[in-house]
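Engineer: I have a structure here, written as structure tokens, and I will follow up with some questions on it.
The values are calculated or read from the model by the stated rules, or taken from the named source; none is laboratory data. Nothing here was measured: the structure is a model prediction, and the numbers come from that model. Here the Cβ is made from the backbone with ideal geometry for all residues, glycine too, and neighbour counts use every protein chain on show.
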Amino acid sequence: MRFKNPFSALLKGQRRWRKLVKDTFPLIGLADQPKATPKARKRAAPSRTALVEVHGFGSNPGRLRMLEFVPPLRREPPSLVVVLHGCLQTAVQYDKGSGWSRMAREKGFVLLYPEQTKQNNQNLCFNWFRPSSVARDRGELMSIRQMIEHAARRHNIPHSRIFLQGLSAGGAMAGALLATYPDLFAAGQIVGGLPYGAARDAMSALHVMKSGARRSAQEWGNLVRAVREGGDTNRPAISIWHGRLDSVVTVANAEATLAQWLDVYGLDPSGGLALPVKDGRAMVWKDERGRVLVDYRIIDTLDHGLPVPFRRGAAGGQPYMLEGANSAPKQFYDTFVRPV
């Protein structure tokens, strides 16, 4: 059964809306994408990738694909990094641009990529705004949980060594996973994403991406508390990255995400420790043991995308991979994944 793109179905016939959204929100699946010509398809060579598709990981109610990379030499302790791509991206494209599999090969950890399909969303966005996709043990959220548990069993990885990163729509989906299954992760990074519960349908998704949503910190926190199990016993570390110049997902969403998790963890907003950075704002909040619990970084010159190291060909020509002095994957590994 094929599902139509919910945005396209909602805005069908409204040409003025489509033009506005095409100009303003190219990532969320509203703008028609140019089709490759027969000549271009004929010339396209099959892409080489380190990722391997895994089948039979569960009932897969969200109808997603599972791809993984297992390094030739695995190091102790066994670790798993789960990566959620953004709109208009595949797992292979994201991996090529981000360098995650290169890092996994070097550091010896397992890598898992859930991948969206065009049957679910024409522009390959995870459906973070659809309640049925982010409800506990349903839809896309359940498919990703099944992938994680399948990989953890096969590779003998404890939940204390499972980490999560997501960009844009993948960042919003990462927030939903961290909110709903806090016992499943040690830490998660949300890049250019949105707070959990920010939207309930297509139209509210458009609004919150452009303008944010006005809620108190407690109201944001209540959205997470409503779906959590385990109370305060499970507290995965949260890393929030956003560009101040983000033209697709306004930086107000990063501020709301910060407010949400500070409230959930009972942390004083004024109690953060400022880190010395030259290109923006960086703050961390630590728990009673001195462990970083919330990491918040706003990069002044960054638009919408994943910050990756500036070196020739680092981003691999992939969409929404932004080369510069920062690297969200490297910082996430160094701060949270690297064995102590």
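Engineer: Name the one entry in 211, 270 that is over 25 Å from residue 337 (Cβ atoms), surrounded by fewer than 19 Cβ atoms within 10 Å (Cβ to Cβ), touching a residue at least 12 places away in the same chain (Cβ under 8 Å) and over 19 Å from the mean Cα position of the chain (by Cα). Before the answer, list the steps.
Structural biologist: On the way: 270 fails: touching a residue at least 12 places away in the same chain (Cβ under 8 Å).
Of 211, 270, the one residue that is over 25 Å from residue 337 (Cβ atoms), surrounded by fewer than 19 Cβ atoms within 10 Å (Cβ to Cβ), touching a residue at least 12 places away in the same chain (Cβ under 8 Å) and over 19 Å from the mean Cα position of the chain (by Cα) is 211.
Engineer: Would you please list the contacts, defined by Cβ atoms under 6 Å and residues six or more apart or on different chains, that run from a residue in the stretch 134-163 that is surrounded by 20 or more Cβ atoms within 10 Å (Cβ to Cβ) to a residue that is at pLDDT below 95?
Structural biologist: 139/132; 139/133; 140/133; 141/134
Engineer: Please go through the stretch 92-105 and pick out each residue that is over 12 Å from the mean Cα position of the chain (by Cα) and touching a residue at least 24 places away in the same chain (Cβ under 8 Å).
Structural biologist: If the condition is that a residue be over 12 Å from the mean Cα position of the chain (by Cα) and touching a residue at least 24 places away in the same chain (Cβ under 8 Å), then 92, 93, 95, 96, 97, 98, 99, 100, 101, 103, 104, 105 are the ones that fit.
Engineer: Further question: If I filter the stretch 110-147 down to residues being β-branched (Val, Ile, Thr) and touching a strand residue (DSSP E or B) at 6+ places or on another chain (Cβ under 6 Å), which single residue comes out as nearest to residue 172 (Cα to Cα)? Even if it seems obvious, please write down each step before you answer.
Structural biologist: Our first condition is that a residue be β-branched (Val, Ile, Thr); within the stretch 110-147, this holds for 110, 117, 134, 144.
So of that shortlist, the ones also touching a strand residue (DSSP E or B) at 6+ places or on another chain (Cβ under 6 Å) come out as 110, 144.
Values: 110: 23, 144: 14 Å.
This residue is 144.
Engineer: Give me the helices (runs of 4 or more DSSP H) completely within the stretch 174-277, filtered to those with at least 2 residues that are touching a Phe, Trp or Tyr at 6+ places or on another chain (Cβ under 9 Å) and among the small types (Gly, Ala, Ser), ordered by residue number.
Structural biologist: Details: elements: 202-211, 217-225, 252-264.
It comes to 202-211, 252-264.
Engineer: Within the group 254, 274, 259, 282, which residue is at pLDDT 95 or above, touching a strand residue (DSSP E or B) at 6+ places or on another chain (Cβ under 6 Å), small (Gly, Ala, Ser) and within 26 Å of residue 227 (Cβ to Cβ)? Full working, then the answer.
Structural biologist: Numbers: 274 fails: within 26 Å of residue 227 (Cβ to Cβ); 259 fails: touching a strand residue (DSSP E or B) at 6+ places or on another chain (Cβ under 6 Å); 282 fails: within 26 Å of residue 227 (Cβ to Cβ).
Answer to the check: 254.
Engineer: Give 65, 41, 2, 15 a once-over and let me know the one that is surrounded by fewer than 21 Cβ atoms within 10 Å (Cβ to Cβ), modelled with pLDDT of 95 or more and among the charged types (D, E, K, R).
Structural biologist: On the way: 41 fails: modelled with pLDDT of 95 or more; 2 fails: modelled with pLDDT of 95 or more; 15 fails: modelled with pLDDT of 95 or more.
Just a single option satisfies the conditions, and that option is 65.
Engineer: Let me ask another. Is at least one residue of the stretch 319-326 among the charged types (D, E, K, R), in a strand (DSSP E or B), at negative phi and surrounded by fewer than 16 Cβ atoms within 10 Å (Cβ to Cβ)? First the steps, then the outcome.
Structural biologist: Applying the first criterion (among the charged types (D, E, K, R)) to the stretch 319-326 yields 323.
Still in the list and also in a strand (DSSP E or B): 323.
Going one step further and asking which of them are at negative phi, we end up with 323.
Remaining after also requiring surrounded by fewer than 16 Cβ atoms within 10 Å (Cβ to Cβ): none.
No: the stretch 319-326 contains no residue that is among the charged types (D, E, K, R), in a strand (DSSP E or B), at negative phi and surrounded by fewer than 16 Cβ atoms within 10 Å (Cβ to Cβ).
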